[in-house]
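Working notes, structure below.
The values are calculated or read from the model by the stated rules, or taken from the named source; none is laboratory data. The shown structure was predicted, so the numbers you read here are calculated from the model rather than taken from an experiment. Here the Cβ is made from the backbone with ideal geometry for all residues, glycine too, and neighbour counts use every protein chain on show.
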Amino acid sequence: MRVTKKANERRDEILDVAENLFITKGYAHTTVEAIIQEIGIAKGTFYYYFSSKEDVMNAVVIRIVDRVVQDAMRIVKDTQLNAPEKLFHIIMEQTPQMSKKDDMIEELHQVDNAQIHQKSLVESITQLTPVFTRVIEQGIEEGYFHTSYPKETTEFLLVSSQFLFDEGIFNWSEEELQKKALAFTSIMESVLHAEEGSFTYILKQLGG
C-alpha cells in the first residue's frame with residue numbers, strides 16, 4: 001500500500017534524507033537516484049519538488065539557516081534580556097545548527113559547487129541581518145551601543161565574519177585565526193561604541 005503524504009511532509013522527507021546522504025557520503029558521491037532509492041519514491045515525485053541535486057543542496061542550507069534564525073528570534077522576543085545579553089545568547093546558542101550548516105558547507109568547497117556556496121553565504125547574511133539589527137537597535141535605546149547605522153553596521157559585521165572566518169575560503173593557521181578573532185571583537189566594540197570587553201565571549205566561537 002502506497003503511503004500518501006502531505007506536500008510539505010514529502011518535501012521535508014526528501015531534504016532530511018538528502019542532508020544525511022550529503023554528510024555521510026559526500027555531495028559529489030550522492031546522486032538523485034540514491035536519494036530516491038533511500039526514500040522509496042518515484043523519480044517524478046522528486047522532480048515535482050526539486051529540479052536537481054544542486055537545488056536540494058541549496059534548500060538544505062536554507063533550511064538550516066532558517067532554524068538558526070528561528071532560534072535567534074525567540075531570544076530577540078525575550079523581554080527579560082537586555083541587548084548585550086541577547087547578542088550573547090544568539091551567538092552562543094546557535095552553535096548546534098551552525099555546526100550542521102558547516103557540515104554542508106564542507107561539501108560546497110569544491111570548485112564546481114562555488115555558486116551554491118556563495119548562495120549559502122548570502123542567505124545567511126540576508127536572513128540574520130534583520131535579527132541582529134533589532135538587537136543593536138534595542139542596545140542603542142538602552143544606551144549600550146551608539147551608531148547611526150544599525151542595519152548597515154550589522155551587514156558589515158556579518159559579511160566580514162561569515163567570509164573571513166570561512167575555513168573553506170581561507171586556510172588560516174590557529175595563531176592567525178586567534179588574532180583575527182581578537183581583532184574582530186575589538187572592531188565590534190569600536191563600531192558600536194560599546195564598552196571594552198563586551199564581546200570577548202565571541203572568541204570562543206571564532207578563535208578559541
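Listing for the model above:
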| quantity | calculated |
| --- | --- |
| Checklist (1) among the aromatic types (F, W, Y); (2) closer than 18 Å to E85 by Cα; (3) not in a helix (DSSP H, G or I) applied to W172, failing item | (2) |
| All positions within segment 7-49 that are under 12 Å from A59 (Cβ atoms) and of a type in the set (D, E, K, R) | R11, D12, D16, E19 |
| Which numbered condition T147 fails, given (1) buried (at least 17 other Cβ atoms within 10 Å of the Cβ); (2) of a type outside the set (A, V, I, L, M, F, W, C); (3) modelled with pLDDT of 95 or more; (4) in a helix (DSSP H, G or I) | (4) |
| So L177, is it under 18 Å from I75 (Cβ atoms) and in the same structural domain as V65 (by TED's automatic domain parsing) | no |
| I75, sole failed condition from (1) without any contact (Cβ under 8 Å) to a residue 40 or more places away in the chain; (2) of a type in the set (V, I, T); (3) part of a helix (DSSP H, G or I); (4) not assigned by TED's automatic domain parsing to the domain that holds I136 | (4) |
| Qualifying residue in segment 32-41 (condition: assigned by TED's automatic domain parsing to the domain that holds L128 and either at pLDDT 95 or above or over 30 Å from A194 (Cα atoms) (or both)) | no |
| Members of segment 153-185 that are out of contact with any helix residue (DSSP H, G or I) (no Cβ under 9 Å at 6 or more places or on another chain) and either of a type in the set (F, W, Y) or surrounded by 12 or more Cβ atoms within 10 Å (Cβ to Cβ) (or both) | E176, K179, A183 |
| Whichever residue in segment 127-143 is surrounded by fewer than 20 Cβ atoms within 10 Å (Cβ to Cβ) and not β-branched (V, I, T) and, among such residues, is nearest to V61 (Cα to Cα) | Q127 |
| Matching entry among T30, T45 (being touching a Leu at 6+ places or on another chain (Cβ under 7 Å) and of a type in the set (S, T, N, Q)) | T30 |
| Out of S99, S124, sole residue that is part of a helix (DSSP H, G or I), modelled with pLDDT under 90, buried (at least 18 other Cβ atoms within 10 Å of the Cβ) and of a type in the set (G, A, S) | S124 |
| Residue, nearest to S120 (Cα to Cα), within segment 1-58, restricted to residues that are part of a loop (DSSP other than H, G, I, E, B) and in contact (Cβ under 8 Å) with a residue 40 or more places away in the chain | Y27 |
